[in-house]
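One structure is given here, and the rest of the page talks about it.
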Amino acid sequence: MTVIETLKALYYSLTNIVKKPVTLMYPDKPLPTFKRSRGMLSLDLDNCIGCELCFRICPADAIRMQKINLNFPHNARDEAPAIDFNKCIFCGLCSEICPPQVLHHTHRFDISTADRAELMYSPFQLKEVFKELVEKHKDEFDVHVKAEIPSAKPETQNSQDAVQKPTETNPK
Ligand code: SF4
Ligand code: SF4
């Protein structure tokens, strides 16, 4: 190796040492998501009317209706959707068609697992995801969800549009 080549190699080595990393330190630093990104679904189970529209429209056959034994007067069939995230293509159709708008996309995308069974969510598991979502975005839900959250501000934005607060990695 000539002196010039050695100096070049040294130059590249030194500049790379002081450069900022080009990759994000995931999962220590969560990746930014877009405002309208469609992540994992959540379900406001208590307000589901069991109409089965989500089940019928799902193009990926990812939804099946499951008995919930809650006997809500507004849910005559006493059933709600269970979602298989192994099949879901996150198209958003179920959320769009739902008459009482109780299916909400979250920004969660890191749901992969080694066990396929863990990606089959019952209505009750989807409700747990919904509770996390409400807690995280309680100032940004639509009127329907806000009715259950006394401290929330009266905005009319759909939960799919839940605005993520600007962060260093996700500036607005
Ligand atoms: S997002 Fe699309 S694929 Fe996923 S459950 Fe809903 S309708 Fe089915
Ligand atoms: S989630 Fe919505 S579309 Fe699906 S059964 Fe319940 S109310 Fe109907």
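The values are calculated or read from the model by the stated rules, or taken from the named source; none is laboratory data. Every value quoted in this text rests on a predicted model; they were computed, and no experiment measured them. Methodologically, a virtual Cβ is constructed for each residue, glycine included, from the backbone with ideal geometry; neighbour enumeration extends over all protein chains shown.
Would you mind stating whether Ile49 is surrounded by 19 or more Cβ atoms within 10 Å (Cβ to Cβ) and free of Cβ contacts under 8 Å to residues at least 60 places away in the same chain? Spelling it out, it is not the case that Ile49 is surrounded by 19 or more Cβ atoms within 10 Å (Cβ to Cβ) and free of Cβ contacts under 8 Å to residues at least 60 places away in the same chain. Do the conditions hold for Leu41, that is, is it surrounded by fewer than 15 Cβ atoms within 10 Å (Cβ to Cβ) and not charged (D, E, K, R)? No: the conditions fail for Leu41. Restrict the check to region 39-49 and report whether at least one residue is in contact with a Pro (Cβ under 6 Å, 6 or more places away or on another chain), part of a helix (DSSP H, G or I) and aliphatic (A, V, I, L, M). Yes: region 39-49 contains one or more residues that are in contact with a Pro (Cβ under 6 Å, 6 or more places away or on another chain), part of a helix (DSSP H, G or I) and aliphatic (A, V, I, L, M).
Identify all residues within region 1-38 that are part of a loop (DSSP other than H, G, I, E, B) and either within 16 Å of ligand 2 (Cβ to nearest atom) or over 39 Å from the mean Cα position of the chain (by Cα) (or both); write none if there are none. Quick ask: steps written out before the conclusion?
Pass one, region 1-38, residues part of a loop (DSSP other than H, G, I, E, B): 1-2, 19-38.
Answer for region 1-38, where residues must be part of a loop (DSSP other than H, G, I, E, B) and either within 16 Å of ligand 2 (Cβ to nearest atom) or over 39 Å from the mean Cα position of the chain (by Cα) (or both): Met1, Thr2, Arg38.
With respect to the numbered conditions (1) more than 15 Å from ligand 2 (Cβ to nearest atom); (2) at pLDDT 95 or above; (3) not β-branched (Val, Ile, Thr), which one is the sole condition not fulfilled by Pro59? Going through the list (1) more than 15 Å from ligand 2 (Cβ to nearest atom); (2) at pLDDT 95 or above; (3) not β-branched (Val, Ile, Thr), Pro59 breaks only (1).
Can you tell me which residue is surrounded by the fewest Cβ atoms within 10 Å (Cβ to Cβ) among those in region 52-66 that are more than 8 Å from ligand 1 (Cβ to nearest atom) and part of a helix (DSSP H, G or I)? Here the residue is Arg56.
Against the condition within 20 Å of Lys127 (Cα to Cα) and outside any loop (DSSP other than H, G, I, E, B), how does Ile83 come out, does it pass? It is true that Ile83 is within 20 Å of Lys127 (Cα to Cα) and outside any loop (DSSP other than H, G, I, E, B). Filter region 86-119 for residues that are part of a helix (DSSP H, G or I) and free of Cβ contacts under 8 Å to residues at least 12 places away in the same chain; which is nearest to ligand 1 (Cβ to nearest atom)? This residue is Glu96.
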